[in-house]
Amino acid sequence: MSGAFDRSLTRRNILRGTALAGLAVGGGGLLSACGSGSSGTPGAENESAGTVGTGGTVTWASWANPGEAERFKQISKEYEAKYQTKVTWQLVVGDYMTKLLTQLAGGAAPDVFYVPDNGMAKLIESKTVVDLTEFVNKPDSPLKLSDTYESLMNWVKPLDGDGIYGLLPDCNPLVFWFNKDLVAEAGLSKTPAEHFEAGTWTCDAADEFLTKMKTTGKRGMVLEAGAFSPMSSWITSLGGTAFDEDNKAVFNEDPKALETLEWLWEGMAADKITFGGTLPKGQGIDALFYGQQLASCQMGRWILPNLRKLKFGYDIAPFPSADGKSFGPSLVAMAAVGVNSKAKDPEAAMWFATRFCNKDGQQARLSGGGNAVASVTGLDEIVTEGGPDHGSWFNDVAKAGYGIPLVIASKPAVSANLATEIDKSIKAGDSAKKFADKIAAYINSGG
């Protein structure tokens with residue numbers, strides 16, 4: 001199952017470290033998490049020590065906030081000491097993708113780098129990233145493709161053809177965050193989490209939640225301005241189809257998808273759902289939720305560190321589903337780690353990338369109550385550290401989720417301008433069906 005994504009959420013990944021954050025200061029170091037190693041040439045077995053993938057040099061780059069920057073420096077030092085590989089990390093500020101493309105064109109790009117979801121297709125097309133399939137299929141590869149949730153890997157593959165051109169360092173599934181204190185004040189008999197446990201977390205239950213919240217004078221939900229990612233999650237979780245197997249937008253034709261969009265439009269008309277584009281300047285969805293002026297928000301685990309500083313009860317539920325008890329497919333925010341096709345030391349670069357993204361690497365970066373979710377199996381306990389009460393559901397949502405569909409990822413104009421087209425349509429007062437027809441046509445036409 002696939003669903004639409006958009007540039008606004010991609011920018012959130014970059015600005016807030018959605019798919020690479022989770023770097024808890026108290027978490028175990030990469031050095032202690034990774035397997036043993038000793039000196040030797042990269043990719044060649046050191047017979048005396050029985051190890052591979054040591055030595056060589058690696059430069060790598062990413063975006064990062066100040067806390068993440070310090071952690072990445074630490075990771076680089078620990079890797080260098082562990083594997084006798086000279087590691088240099090570069091912080092990229094500003095327009096990340098533009099700067100990366102400039103570096104690649106000039107032959108000055110790092111050996112390994114983060115790739116935002118709307119940038120992978122361009123790198124594959126230009127052959128500036130390596131197909132990692134052969135390397136990860138080696139018997140001694142630190143990461144096996146079978147370790148990663150398969151449903152999240154669609155966007156690191158070419159539109160037509162085979163190959164894996166990026167590895168997932170972690171992920172961030174969208175969930176239904178809610179304020180437990182406001183639920184109680186509204187007189188609701190069950191929280192969304194309790195509804196889900198009872199098998200009654202349906203569209204009707206969500207509507208009751210929003211209706212009750214309206215009577216309190218608080219906002220129940222804000223539909224993000226210019227974003228299709230939450231709409232896509234609502235559609236697919238409630239049983240609709242946003243995109244078909246041929247990577248074509250069909251949410252304007254699928255009956256269940258249209259039914260969901262009609263429900264969202266009815267909610268906005270009844271003032272139970274607020275369109276984010278109508279919020280006063282400076283009022284963001286996360287800030288309204290932190291300030292207890294908004295009862296729910298549909299975001300990832302990236303908001304957890306901020307919530308832990310606040311003094312109100314909060315929890316999560318998956319998006320409502322048709323049967324009220326299933327983890328329906330919803331969008332998962334991600335970035336990937338790619339290897340430069342002109343890396344100065346290709347073997348060392350691939351060893352670094354696979355170790356960074358494997359179970360040990362993710363555990364080292366995500367332990368201690370971080371703000372991302374593992375994208376590999378065997379780390380379910382990570383999301384229960386530091387809350388919320390039903391944090392374990394992040395794993396289930398990730399396993400059932402999907403990434404940016406290739407019909408968007410592979411078309412730069414669509415990826416760059418989809419948010420604007422969505423915002424224009426809603427502000428123009430288009431009906432749900434007219435909106436769906438416009439946006440589906442825009443996506444399918446390639447912008």
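Out of the GluC sites (Glu not before Pro) in segment 212-280, which ones are loop residues according to DSSP with at most 14 other C-beta atoms within 10 Å? The partial results should precede the final answer.
Numbers: sites: 224, 245, 253, 259, 262, 266; in loops: 224, 245, 253.
For GluC sites (Glu not before Pro) across segment 212-280 that sit outside H, G, I, E and B with at most 14 neighbouring Cβ atoms in 10 Å, the list reads 245, 253.
Close amide H pairs (under 5 Å, H built 1.01 Å from N) link residue 61 with 90, 112, 113, 114, residues at least 5 positions away or on another chain. Backbone phi angles across segment 218-226, fed through the Karplus curve with coefficients 6.51, -1.76 and 1.60 (θ = phi - 60°), yield HN-Hα couplings of 9, 6, x, 6, 10, 7, 4, 5, x Hz in residue order; Gly and Pro are listed as x. Between helix 203-216 and the chain there is an angle of about 70 degrees, using the helix long axis and the longest principal axis of the Cα atoms. Computing percent of Cα pairs over 42 Å apart directly from the structure and comparing it against [x] 14; [y] 9; [z] 20 singles out [x]. Legend: residue pairs 127/438; 86/309; 127/434; 99/411; 218/424, Cα-Cα distance threshold 28 Å; pairs beyond threshold, 127/438; 86/309; 127/434.
Counting each DSSP H run of 4 or more residues in the chain as -39500 (n - 2.57), what helix-only mean residue ellipticity at 222 nm follows after dividing by all residues, to the nearest 500 deg cm²/dmol?
Working: 19 runs with 175 residues, N = 447.
One gets -11000 deg cm²/dmol as the mean residue ellipticity at 222 nm.
In order along segment 405-415, phi translates into HN-Hα couplings of x, 5, 5, 8, 4, 8, 10, x, 5, 5, 4 Hz, rounded to whole numbers, per the Karplus curve 6.51 cos²θ - 1.76 cosθ + 1.60 with θ = phi - 60° and x for Gly and Pro.
Packing around the peptides 197-206, 427-436, taken as the average count of other Cβ atoms within 10 Å per residue, puts them in this order, highest first: 197-206, 427-436. Take the Cα of residue 342, go 7 Å toward its beta carbon, and the backbone nitrogen atoms of segment 117-147 under 12 Å from that spot belong to 127-129.
Please give the per residue accessible area of segment 241-287, computed with a probe of 1.4 Å over protein heavy atoms only, in Å².
On the way: 2440 Å² over 47 residues.
That works out to 52 Å² per residue.
May I ask you to compute the full-extension gain from residue 392 to residue 108, defined as 0.36 nm times their residue separation minus their alpha-carbon distance, rounded to one decimal in nm?
Numbers: separation 284, 0.36 × 284 = 102.24 nm, distance 4.19 nm.
Result: 98.1 nm gained on full extension.
At an R0 of 22 angstrom, the distance between the Cβ atoms of residue 287 and residue 216 translates into a FRET efficiency of 0.70.
Cross-link partners of residue 342 among aspartates and glutamates, defined as those whose alpha carbon lies under 18 angstrom from its own and excluding same-chain residues fewer than eight positions apart: 111, 125, 131, 134. Annotation: segment 146-252 has a Kirkwood hydrodynamic radius of 16.9 angstrom, from the mean reciprocal C-alpha pair distance.
The order of the peptides 319-326, 226-233, 390-397 by mean Cβ neighbours within 10 Å, most packed first, is 226-233, 390-397, 319-326. Could you compute the FRET efficiency for residue 65 and residue 159, with r as their C-beta to C-beta distance and R0 at 30 Å, rounded to 0.05? After rounding to 0.05, the efficiency reads 0.40. Between residue 200 and residue 427, the simple label model (points 7 Å from Cα in the Cβ direction) yields a spacing of 4.1 nm.
In plain terms, the chain from residue 377 to residue 73 could stretch by 106.8 nm, reckoned as 0.36 nm per residue minus the Cα-Cα distance. Taking Cα atoms only, the orientation of helix 432-445 departs from the longest principal axis of the chain by about 20 degrees.
Take every DSSP beta bridge whose two residues both sit in the chain, then give the antiparallel share in percent to the nearest 5. Of all bridge pairs located within the chain, approximately 65 percent are antiparallel.
For residue 430, the shell of other residues with beta-carbons less than 10 Å away shows a net charge of +4, using +1 for Lys and Arg and -1 for Asp and Glu. Taking amide H as placed 1.01 Å from N in the peptide plane, residue 333 has its amide H under 5 Å from the amide H of 172, 174, each at least 5 places away in sequence or on another chain. Straight-line reach from residue 325: taking Cα to Cα under 14 Å and skipping same-chain neighbours fewer than 8 places apart, the aspartates and glutamates in range are 194, 197, 204, 396. Highest GNM mean-square fluctuation among 160, 271, 181, for the chain modelled with Cα contacts below 10 Å: 160.
In straight-distance terms, cross-link reach from residue 82 covers every one of the lysines whose alpha-carbon lies under 24 Å from its own, apart from those fewer than eight places away in the same chain; here that gives 73, 138, 144, 344, 359.
Separation of segment 89-145 and segment 173-231, taken as the distance between their Cα centroids, equals 39 angstrom. Compared with the direct C-alpha span, the chain from residue 151 to residue 244 gains 32.0 nm at full extension, assuming 0.36 nm per residue. Let me know the shape class of segment 102-173, please: from the alpha-carbon gyration tensor, a ≥ b ≥ c as square roots of the eigenvalues, rounded when a/c is under 1.5, otherwise prolate if a/b is greater than b/c, or oblate. Note, shape of segment 102-173 comes out prolate.
The values are calculated or read from the model by the stated rules, or taken from the named source; none is laboratory data. This is a predicted model, so every value here is computed, not measured. For neighbour counting, all protein chains shown are included, and Cβ atoms are generated from backbone atoms with ideal geometry for every residue, glycine included. SASA here: full protein model, heavy atoms, side chains in, ligands and nucleic acids out. Shrake-Rupley method; radii C 1.70, N 1.55, O 1.52, S 1.80 Å.
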